[in-house]
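Let me begin by presenting the structure, written as structure tokens, before commenting on it.
The values are calculated or read from the model by the stated rules, or taken from the named source; none is laboratory data. Owing to the predicted nature of the structure, the values given are computational and were not obtained by experimental measurement. Cβ: placed from backbone, ideal geometry, glycine included. Neighbour counts: every protein chain shown. For the accessible areas, the whole protein counts, side chains as well, though only heavy atoms, and no ligand, DNA or RNA atoms are used. Shrake-Rupley method; radii C 1.70, N 1.55, O 1.52, S 1.80 Å.
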Amino acid sequence: MNSIRQVPSRVKSRRTEASLGAERDHFDKQQLSSISKAITSTETPVKEKHARRIILGTHREKGAYTFWSYAQGFPLATSSILSWKFCHVVHKIMRDGHPNVLQDCMRHHSTLVETGKLWGHLHDKYGQLVALYTNLLGTKLEFHVKHSEIPPNLEVTDEVLERTAGTDINNVFQLTVEVFDYLDTELRLAETVIRQLNTSIAISSLTSGQCRLAPLIQVIQDCSHLYHFTVKLLFKLHACLPADTLQGHRDRFHDQFRSLKSFFNKTRDMLFFKRLIQIPRLPDSPPNFLHAASLAKHVKPVVVIPDDDESEQQDEDDDDPEPLIEVSDVSTSSIQTQPQQMDIFDQAFGPPNGGFDDRDLQIDSLKSELELLRAELERVKAEAQRYITQLKSQINSLEAELEEQRMQKQRALVENEQLRMELEATRHRNAEHESLQTTFIEADKRAQATEQRYNKLKEKHTELVTSHAELLRRSADTVKMLSATQQTQEEVERNKQQLSFEVDRIKQDADMKLEEQKFEMERLKRELEEKMAEVMRIKATLQNSEKGSEQMNSSMTALQAEKERLMRSVSEKEAELSSLRSAAQVQQSSLQQERERSGRELGELQGKLKEKTNQEEQMKKKLLEEQFALLQGTITEAENIIQDAVAKLDDPLHVRCTSSPDYLISRAEATLGSIDKMKKGHADYLTNMEDAGGLLRALTQFSHLAADTIINGSATAHMAPTDHADRLTENCRGCALQSVQYLRELKSKTTLQRADPASIRIIIQKIMHLGQELRPKGMDIRQEELGDLVDKEMAATSAAIEEAVRRIDEMMNQARKDTSGVKLEVNERILFSCTDLMKAIRMLIVASTELQKEIVESGRGAATMKEFYARNSRWTEGLISAAKAVGWGATEMVESADKVVLHTGKYEELIVCSHEIAASTAQLVAASKVKADRNSIKLSGLQQASRHVNEMAANVVASTKTGQEHLEDKDTMDFSGMSLIKLRKEEMESQVKVLELESQLENERLRLGELRKKHYDVAGVPSVQIPEGNGETHSLVHPVTMSPKPSKPALMKKPALAQKPNIPPKALFK
């Protein structure tokens, strides 16, 4: 009985295990189906329903283990479209999946990096996008793993961002740089997608275009949040660090702002995005981080993704959706498996209670309740989703209103601050006016006090005059003193008149000369005190002469009359002074009113002028911005044209294209002309930045001509020899690189001033000279004669060497007869070194001849020797020219040595000949080395002989310099018998000689430079007629070499004596 009772519990546990297994199998099948349908190699966008099921699966299993277990089996290396859609799905589950998805994706970080590197090395449009997308995903993983507070969908509040940044300014600085890098990777991917879409002339309504555009929805969501993070962090940095330190951050933000705004504007106009996402609008100008109040004007860009009920309903009709609640799945699977399990139970134990059980009724009731609950749950979910959508839209509108209110509040605060500043300025002006008025009142008071003091002094003066008159009446014996007193009175009168004049002038200019009036009054006071002292002295004198005062009564009567006249004159002057003072006050009041009226009119005019100036500045600034934006757009198109031309260099379909060197040279010359026009347009634009028309036209012409030159250079390289083809292709790539670099310098305001196309001109000139080298050269002999001419030239060179050795031996014997002592020793040393050099050259000629035979035998095959030389005519011409150069050098050395021994030549000529021989042998070795096998023993012997020739040439130079030092007269300079004047004269003559020698040296250097230029010009002419001794003319063909590789000299017939050939110049460009 106990065992029978335990059977239902065991059956129930088996039933639960079976239902869980079935549920897990169903989940795995559904995930596999969604992943395989979402990530395919067809060029169609990822369907939203498949991506949503994968995201729901990550939430159900709390991670992305199932996704990565299936994703590892995809052949990502075989299809770029498959890799692109794989990156899209990974991006979506990182943003919207379970938080543990980030850690699961981090475990497969190396897979993403390897996929990006693989497609980055391949020239495939989707491959380039995959490389950029994997770089973005890697940056996103590293950023969010490092800053775990910020989720992968970047939806955090400003408080969380502040807490993540912390209070340490170094951490804020580092976080800002990381956000910059994060945003750069997002924008780089978006710009590449848009550029490819424009290049392929695709539209967003086609599946090919939608396949590229679909991941940009997640990019737009990320960029809106990263832009907000950047603004917040930069304002925080500017609050703690000086503005100069953050100049680089501001420049980088401005570049990202322009790129992000352009990206948003382009995607907003595409039909594909209008029904899927609402893209925010960025402000016209970036925030001003130098002004802290600008933070309140910042509005956080909000991206809204509307719900598409029809698409969701269609998705539900197509496939059964993944339920979010596990209970319903378990119950459903339990109910589906229950009849089978009941049948097994009935087979084992028979139907309970005669085939009827109460649990059947419970099961039926539970089924009905479950169906009702499921319908109710679906209704509640739909209603909740509808409420969520409505609440999101309300939240967005409220946030927009809140931001608008914040902007209005900040605007009001700014206006209040401006009004407060204007009020403070007005108060300050009023205070200054009051202080000026107070100063004027005080000055007026001081003038009145001065006048009162003057009146008192005048009264004192009157009293003194009275006492003086009384004393004069008593003094009769002091006529002379009285006359002196009269003179004193006249002086006082004159002083009074001067005082009246000064007071009048002070009243007219009271506000400007008050201090001067005070100084004048003090001076008058001092003079009056001096007069009083003089009067006191006179008074003492009069006291001594009181006895004779009766005799002066008659004179005093006249003096009294004069005094009365003077008093009347003083009263008249005082009345005139008062009238002038009143007139001055009236004039001053009128002037004050006029000044105030003029001040008000001036303030109004200044306000209007300032407003007009601000409007003009704004219009000018807008015009400059429009011109620069137009310039940037033109430069961007020019970069695209040049980059497209560079991409054709590696295009396999372009290999079949060919071009002629003449057409390449014509294109290069046209490009050089466009560079001059572009340089002139650049200078005109810098002079007048309001007109960029000339520069735009020049840039358009230059971009097309440069791209044409690059493409034709690559086409010409397909028909050129290997070394010329490599150099030409490298120069084409260098031209594109320098052109793009120059355009980027023009694109930035910081580097616009110093942009210079000189490097582009140099590369174009290199391409021109390579094209000239590839032109077919005219030959003065038939190709059939080249084989015989090589042997003749080598034999003639050997004969010239033998003749040189014979002549040196003759010179040696003659020197031993004619000279002795030190001169004989010097001549023998020089001639011995020349003999050794000739022997070394002869060994070099022999080694070169043997190497040439080996080259001919190994390379001619079934052809004859003449046919081999004719087939390789340019190499043959190089050998002939090098042999001629060696023979000419040997002949010239013999002539120079003969002149040195006979003391009719210069040692420097012998040194120069040694250098020429070393250079000629190097040319012969280079010409022989071109077609020789690197492992050839005879090539090693030729190189050893060349080194031996260089050593012998060095010995000749050393012997010549040593002999020159031994034979130079070094007289002892004795100036002991000269006088001072003689020494002075000799010194001046020596200075004159030094200046003359320096002038000659400078002129000779200029002559040497002109000779070299003429030599290069002659060497670069295709055909030059050189007359020889027998009257015949021969054509010299010397191409100009523009690379460090050995040039191939042209062919020249051997004269009677070896002449110096036109050796091609060394590389002019590297």
Which numbered condition trips up ILE201, out of (1) modelled with pLDDT under 90; (2) under 18 Å from ARG95 (Cα atoms); (3) among the hydrophobic types (A, V, I, L, M, F, W, C)? (2)
Name the pairs whose Cβ atoms lie under 9 Å apart, with the first residue in the range 401-423 and over 21 Å from LYS300 (Cβ atoms), the second open to solvent by less than 100 Å² (accessible area, probe 1.4 Å), and 6 or more positions between them or separate chains? GLU417/ALA293
Out of GLU417, GLU422, GLU434, I need the residue that is under 52 Å from the mean Cα position of the chain (by Cα), open to solvent by 100 Å² or more (accessible area, probe 1.4 Å) and among the charged types (D, E, K, R). Which one? GLU422
Residue pairs, Cβ under 6 Å, 6 or more apart or interchain, first in the range 570-591 and of a type in the set (Gly, Ala, Ser), second in a helix (DSSP H, G or I) and surrounded by 10 or more Cβ atoms within 10 Å (Cβ to Cβ). List them. ALA584/LYS507; ALA584/GLN508
Residue that is farther than 30 Å from LYS445 by Cα and modelled with pLDDT of 75 or more, where the choices are GLU550, GLU490, GLU564: GLU564
Over the range 584-593, the set of residues hydrophobic (A, V, I, L, M, F, W, C) and either under 26 Å from GLU459 (Cα atoms) or surrounded by 14 or more Cβ atoms within 10 Å (Cβ to Cβ) (or both) is ALA584
How many of the residues in the range 804-821 are open to solvent by less than 80 Å² (accessible area, probe 1.4 Å), on the phi < 0 side of the Ramachandran plot and part of a helix (DSSP H, G or I)? 8
Are any residues in the range 173-196 modelled with pLDDT under 90 and more than 18 Å from PHE264 (Cβ to Cβ), and if so, which ones? GLN196
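This table checks each residue for (1) assigned to a helix (DSSP H, G or I); (2) touching a Lys or Arg at 6+ places or on another chain (Cβ under 7 Å); (3) modelled with pLDDT of 75 or more.
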position: ILE441; (1), (2), (3): yes, no, yes
position: GLN452; (1), (2), (3): yes, no, yes
position: ASN455; (1), (2), (3): yes, no, yes
position: LYS460; (1), (2), (3): yes, no, no
position: GLU463; (1), (2), (3): yes, no, yes
position: THR466; (1), (2), (3): yes, no, yes
position: ARG473; (1), (2), (3): yes, no, no
position: ALA476; (1), (2), (3): no, no, no
position: LYS480; (1), (2), (3): yes, no, no
Looking at the range 77-93, is at least one residue modelled with pLDDT of 90 or more, closer than 30 Å to HIS147 by Cβ and over 41 Å from the mean Cα position of the chain (by Cα)? no
I'd like to know if the range 615-635 contains one or more residues that are farther than 30 Å from GLU422 by Cα, touching a residue at least 40 places away in the same chain (Cβ under 8 Å) and among the charged types (D, E, K, R). no
Test MET838 against the criterion of being at pLDDT 85 or above, out of contact with any Cys (no Cβ under 6 Å at 6 or more places or on another chain), in a helix (DSSP H, G or I) and surrounded by 16 or more Cβ atoms within 10 Å (Cβ to Cβ), and give yes or no. no
Can you tell which of ARG744, ARG727 is under 24 Å from TYR685 (Cα atoms) and either open to solvent by 20 Å² or more (accessible area, probe 1.4 Å) or not hydroxyl-bearing (Ser, Thr, Tyr) (or both)? ARG744
What single numbered condition from (1) open to solvent by less than 30 Å² (accessible area, probe 1.4 Å); (2) modelled with pLDDT of 85 or more; (3) of a type in the set (A, V, I, L, M) fails to hold for LEU737? (1)
Mind checking which residues of the range 860-887 are open to solvent by 40 Å² or more (accessible area, probe 1.4 Å) and either touching a helix residue (DSSP H, G or I) at 6+ places or on another chain (Cβ under 7 Å) or modelled with pLDDT of 70 or more (or both)? ARG860, MET865, LYS866
Restricting attention to the range 163-183, and to residues there that are in contact (Cβ under 8 Å) with a residue 60 or more places away in the chain and more than 26 Å from the chain's Cα centre (by Cα), which single residue is least open to solvent (accessible area, probe 1.4 Å)? ALA165
Out of the residues in the range 21-67 that are of a type in the set (D, E, K, R) and not in a helix (DSSP H, G or I), state the one that is surrounded by the fewest Cβ atoms within 10 Å (Cβ to Cβ). LYS62
Go through the range 674-699 and count every residue that is open to solvent by 60 Å² or more (accessible area, probe 1.4 Å) and assigned to a helix (DSSP H, G or I). 7
If I ask for residues that are farther than 19 Å from ALA64 by Cβ, outside any helix (DSSP H, G or I) and open to solvent by less than 40 Å² (accessible area, probe 1.4 Å), which ones from the range 76-99 would you list? SER79
Residue count, the range 700-719 (criterion: hydrophobic (A, V, I, L, M, F, W, C), open to solvent by 20 Å² or more (accessible area, probe 1.4 Å) and either touching a Gly at 6+ places or on another chain (Cβ under 8 Å) or touching a residue at least 40 places away in the same chain (Cβ under 8 Å) (or both)): 2
When only residues in the range 822-835 that are surrounded by 16 or more Cβ atoms within 10 Å (Cβ to Cβ) and among the charged types (D, E, K, R) count, which is modelled with the lowest pLDDT? LYS823
The lone exception for LEU605 - which of (1) at pLDDT 80 or above; (2) within 37 Å of the chain's Cα centre (by Cα) it fails: (2)
Scan of the range 214-264 for residues that are among the acidic types (Asp, Glu) and under 19 Å from the mean Cα position of the chain (by Cα), ordered by number: ASP244, ASP251, ASP255
Exactly one of LEU122, LEU102 is within 21 Å of ARG188 (Cβ to Cβ), open to solvent by 10 Å² or more (accessible area, probe 1.4 Å), of a type outside the set (Lys, Arg) and over 29 Å from the mean Cα position of the chain (by Cα), and that one is LEU122
What are the pairs with Cβ atoms under 6 angstrom where one residue, in the range 776-804, is closer than 15 Å to MET838 by Cβ and the other, located anywhere, is at pLDDT 55 or above and charged (D, E, K, R)? Sequence gap at least six, or different chains. ILE801/ARG842
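Here is a yes/no grid of residues against (1) under 26 Å from ARG806 (Cα atoms); (2) among the acidic types (Asp, Glu); (3) under 49 Å from the mean Cα position of the chain (by Cα):
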{"position": "ALA883", "(1), (2), (3)": "yes, no, no"}
{"position": "ALA897", "(1), (2), (3)": "yes, no, no"}
{"position": "SER914", "(1), (2), (3)": "yes, no, no"}
{"position": "SER920", "(1), (2), (3)": "yes, no, yes"}
{"position": "SER928", "(1), (2), (3)": "no, no, yes"}
{"position": "LYS938", "(1), (2), (3)": "no, no, no"}
{"position": "SER946", "(1), (2), (3)": "yes, no, no"}
Subset of the range 105-114 [closer than 17 Å to ILE150 by Cβ and either open to solvent by 10 Å² or more (accessible area, probe 1.4 Å) or in contact with a His (Cβ under 8 Å, 6 or more places away or on another chain) (or both)]: MET106
Looking at LYS608, is it open to solvent by 60 Å² or more (accessible area, probe 1.4 Å) and farther than 30 Å from LEU770 by Cβ? yes
